[in-house]
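The values are calculated or read from the model by the stated rules, or taken from the named source; none is laboratory data. As the structure is a computational prediction, the values presented were derived from the model and not from experiment. Glycine also receives a Cβ, built like all others from the backbone with ideal geometry; neighbour counts cover every protein chain displayed. Please note that ligands, DNA and RNA were not included when accessible areas were found on the heavy atoms of the full protein model with its side chains. Shrake-Rupley method; radii C 1.70, N 1.55, O 1.52, S 1.80 Å.
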Amino acid sequence: MTDHSPWKAFTVECEDHVARVTLIGPGKGNAMGPDFWAELPVLFGELDADPDVRAVVLAGSGRNFSYGLDLVAMGGSLGAVVSGKALAKPRTDFHAMIKNMQAAVTAVADCRKPVVAAVQGWCIGGAVDLISAADIRYASADAKFSVREVKVGMVADVGTLARLPLIIGDGHVRELALTGKDIDAARAEKIGLVNDVYDDADAVLAAAHATAAEIAANPPLVVQGIKNVLDHTRSPQVDDSLRYVAAWNAAFLPSEDLTEAITAVFEKRPPQFTGE
C-alpha cells in the first residue's frame, strides 16, 4: 500500500494479511471532519488494490468509536445551505458534497477485502453510516448507537437509510431514524445491528482481529467472490437510495429548523423546532 505519512484521520497497520484502520479524529471523539471524508475513499481504494491485504479491521481510538459528523469542522460547508440563501449554486455544491461523502462510505462497502468493525463507546450518526458499510460488526458492552441526524434537523444521507434496512429490518430502522434514540450494545445485538457483544474495547478488538484472520486464511479470490455475489442484488437498491436522498436533501434540507439545530449545537442548548 502506498505510504501516506501520516494519514490525518486514521492510523493504518498491516500484519499477516490483516489491515487495521483506526479512526483518530482529529475532532473530539474521532468526529468525522474534512480530513476523514477526503482520506477515507483513498485509503480504502489502496486497501482494495493491495494484494497483501485480505481483510480489514475498522476501529476507533480512545473511549469512543466516533461521534459522527464533525459539525464544527464541517460548518463552513453547510454555511451557504443554512444561511437562507440556498439558491441553485449553493444547492448544487451541497448536492456534490453529499455525493462525495456517500462515495467515501461506499468505498468501504465496495472494498473487495471484507471489513470487520469493532465498536466501543459512542457510535453516532455518520459513524452508523460507516459501520453499515462494513461486512461484520462487533461491539463492546459499553457501546451505544444512535441514528442522531433527526435531532440536528437532517435526513441521514450517506448510507444509513440505504444499508441499515438490509441489516436490521425496516421497523427497527424506522424506530431509530425517526426518534434519534440511543440504544445500548445489548439492544444492538438483539436487533442484529452487531453480531456479538464483548466485555470491553480490548476484547472486541481481539474478536474483530480473530475473525479477520479467519477470513484472511481462506482463498482470497473466493472470499472476494462471496462478497461480490452477496452484494450483487443489494447494490442497485443502495445506489438508488443514495441518489434519491442526495437529491432530496439538496432540495429540502435548507430550513429554519436546520439553522436552529446547528445553532443549538454551537450554543450547547436544546433546539426548538418550528417546522419551518
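At what distance in nm do the modelled label points of residue 52 and residue 239 sit from each other, each positioned 7 Å from its Cα along Cα→Cβ?
The answer from the label model is 3.3 nm.
Hey, what angle do you get for helix 234-252 against the long axis of the chain, alpha-carbon based, 0 to 90 degrees rounded to 10?
That works out to roughly 20 degrees.
Which of the listed residues, 34, 47, 11, is farthest toward the dipole's positive end in the range 1-57, when Lys, Arg count +1 and Asp, Glu count -1 at the beta-carbon?
34
Of [x] 58, 51, 39; [y] 55, 38, 37; [z] 55, 44, 35, which is the value of Cα extents along the principal axes in Å derived from the coordinates here?
Recomputing Cα extents along the principal axes in Å here picks out [y].
Distance from a point 7 Å along Cα→Cβ of residue 221 to each backbone N in the range 101-120: keep the residues under 19 Å and list them by number.
So the set is 112-114.
Of 14, 123, which has the most accessible area with a 1.4 Å probe, and how do the rest follow in descending order?
14, 123
Per 0.36 nm of contour for each residue apart, how much would the distance between residue 42 and residue 95 grow if the chain were fully extended, relative to their Cα-Cα spacing?
The span from residue 42 to residue 95 would gain 17.0 nm if fully extended.
Between residue 179 and residue 229, what length in nm is gained on full extension when 0.36 nm per residue of separation is reduced by their alpha carbon distance?
14.6 nm
Take residue 141, project a point 7 Å from its Cα along the Cβ direction, then tell me which residues of the range 109-125 have their backbone nitrogen under 19 Å from it.
Within reach of a label on residue 141: 118-123.
So how exposed is residue 248, as accessible area in Å² (1.4 Å probe, rounded to 10)?
Near enough 100 Å² of accessible area.
Take the solvent-accessible surface of the protein heavy atoms, probe 1.4 Å, and return the percent of it on the range 1-53 that carbon and sulfur atoms account for.
51
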